[in-house]
Amino acid sequence: MVLTNKKIYGLINEIAGGRAVPIIEYIKNRKNVSEFIIADKVKMDMQTTRNILYTLNSYNVATYIRRKDRKKGWYISYWTFNRKRVKELTEKLRKEKITRLTERLKKEEANKGNFFICSQACARLDFEHATEFEFKCPECGNLLNQQDNTKTIDNIRGKIKELENFDSEKASKKKKQ
Ligand SMILES: [Zn+2]
């Protein structure tokens with residue numbers, strides 16, 4: 001997999017939110033960067049910066065070492081981006097998403113034309129559950145209408161395909177085989 005910046009920031013955003021992106025942007029090509037320098041460069045307060053850094057560390061996409069500051073006497077953490085882990089994690093999350101969507105697709109296909117939706121859109125039930133509630137919305141009591149889920153099925157299929165082709169390099173290799 002070619003790890004483009006777009007892929008890196010996409011993953012970082014997914015696991016730690018948009019505010020983590022500038023942090024990674026800053027430490028990406030550096031090593032052992034002081035947490036104080038990071039906070040200063042991304043213009044965030046220390047607490048927020050630390051929270052984000054520890055979230056990133058919980059996924060192991062950023063690692064740190066702690067060193068005692070000789071002058072001040074307290075410990076400072078120094079951060080390094082773990083590029084290798086981003087690759088692994090991207091792959092892992094992608095596979096998990098495909099698995100989840102494939103399961104959903106199976107369910108949708110097994111219940112083709114057999115979903116029931118509330119006119120207020122507060123609930124969507126399969127046939128079995130719709131009968132259980134006598135075709136009335138369990139939330140608001142409105143009648144449930146049968147829903148054509150062809151679009152939903154197409155939608156899920158499209159998403160799966162997109163995820164499968166995410167790694168275009170691998171996809172083109174497969175075609176050649
Ligand atoms: Zn309802």
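The values are calculated or read from the model by the stated rules, or taken from the named source; none is laboratory data. Bear in mind the structure is a predicted one, so any value in this text is a computation, not a measurement. Glycine gets a Cβ as well: all are built from the backbone with ideal geometry, and neighbour counts include every protein chain shown.
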Which of the residues that make up region 94-115 are of a type in the set (A, V, I, L, M, F, W, C) and at pLDDT 95 or above? 98, 101, 105
Between a first residue in region 120-143 that is under 20 Å from residue 107 (Cα atoms) and a second residue that is among the polar types (S, T, N, Q) and away from the ligand (no atom under 12 Å from the Cβ), which pairs have beta carbons less than 6 Å apart while being 6 or more apart in sequence or on different chains? 126/111; 127/114
Suppose the filter is at pLDDT below 90, surrounded by 15 or more Cβ atoms within 10 Å (Cβ to Cβ) and either within 30 Å of residue 50 (Cα to Cα) or hydrophobic (A, V, I, L, M, F, W, C) (or both); does residue 166 pass it? yes
Go through region 80-120 and report how many residues are within 16 Å of the ligand (Cβ to nearest atom) and among the hydrophobic types (A, V, I, L, M, F, W, C). 4
Filter pass, residue 79 being of a type in the set (A, V, I, L, M, F, W, C) and over 26 Å from residue 3 (Cβ atoms): no
Can you confirm whether residue 101 is within 30 Å of residue 1 (Cβ to Cβ) and buried (at least 16 other Cβ atoms within 10 Å of the Cβ)? yes
Which is farther than 14 Å from residue 87 by Cα, surrounded by fewer than 17 Cβ atoms within 10 Å (Cβ to Cβ) and of a type outside the set (Lys, Arg), of 10, 17? 17
Scanning region 11-42 residue by residue, the ones that are in a helix (DSSP H, G or I), in contact (Cβ under 8 Å) with a residue 24 or more places away in the chain and of a type outside the set (Phe, Trp, Tyr) total 11
Return the residue satisfying two criteria in turn: it lies in region 127-143 and is within 16 Å of the ligand (Cβ to nearest atom) and acidic (Asp, Glu), and of such residues it is farthest from the chain's Cα centre (by Cα). 134
